[in-house]
Amino acid sequence: MQIFEQYNISEGACQFALAALEQAEEAYSANNESHDSDPFNESISTIKGRLWAHVCKFKLDRNLYHDAYCAIISNPDEESKYIWLRRLKIVLNERGAIKVFYHITNSALFAFNIFF
């Protein structure tokens, strides 16, 4: 994923992150069976949250706002979800596309109890 990022290939990085998400549960289970005493062991929710955050970033890089929003609401890490929802609003505001934010999040604002 980092190699794609290094060369500004957001689509490749995004596809890599999505592929990692598909394999995350299985890889996490296999890793936990062999490393029960690892003090730095992250939860699967944290790992998936980080991957979904990457997907959101790559979608924003390509101005795919609806896809970025879908990545945000797919994120199981609640803290990351709120951070990226606010980030989406900031990016859209900076790009003069704030109406898009209100369009794609119209019903979700109340679900998240976030008021700007």
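The values are calculated or read from the model by the stated rules, or taken from the named source; none is laboratory data. Note that the structure is predicted; figures quoted are calculated from it, not measured. Methodologically, a virtual Cβ is constructed for each residue, glycine included, from the backbone with ideal geometry; neighbour enumeration extends over all protein chains shown.
Some notes on this structure:
- Pair list, Cβ < 7 Å and 6+ apart or interchain, from the range 1-28 residues that are more than 17 Å from Pro76 (Cα to Cα) to residues that are modelled with pLDDT under 85: Gly12/Phe4; Ala13/Met1; Ala13/Phe4; Ala13/Glu5; Phe16/Met1; Phe16/Phe4
- Residues of the range 67-78 classified as touching a residue at least 24 places away in the same chain (Cβ under 8 Å) and farther than 16 Å from Cys14 by Cβ, total: 3
- Any chance Ser80 is among the small types (Gly, Ala, Ser) and at pLDDT below 90: no
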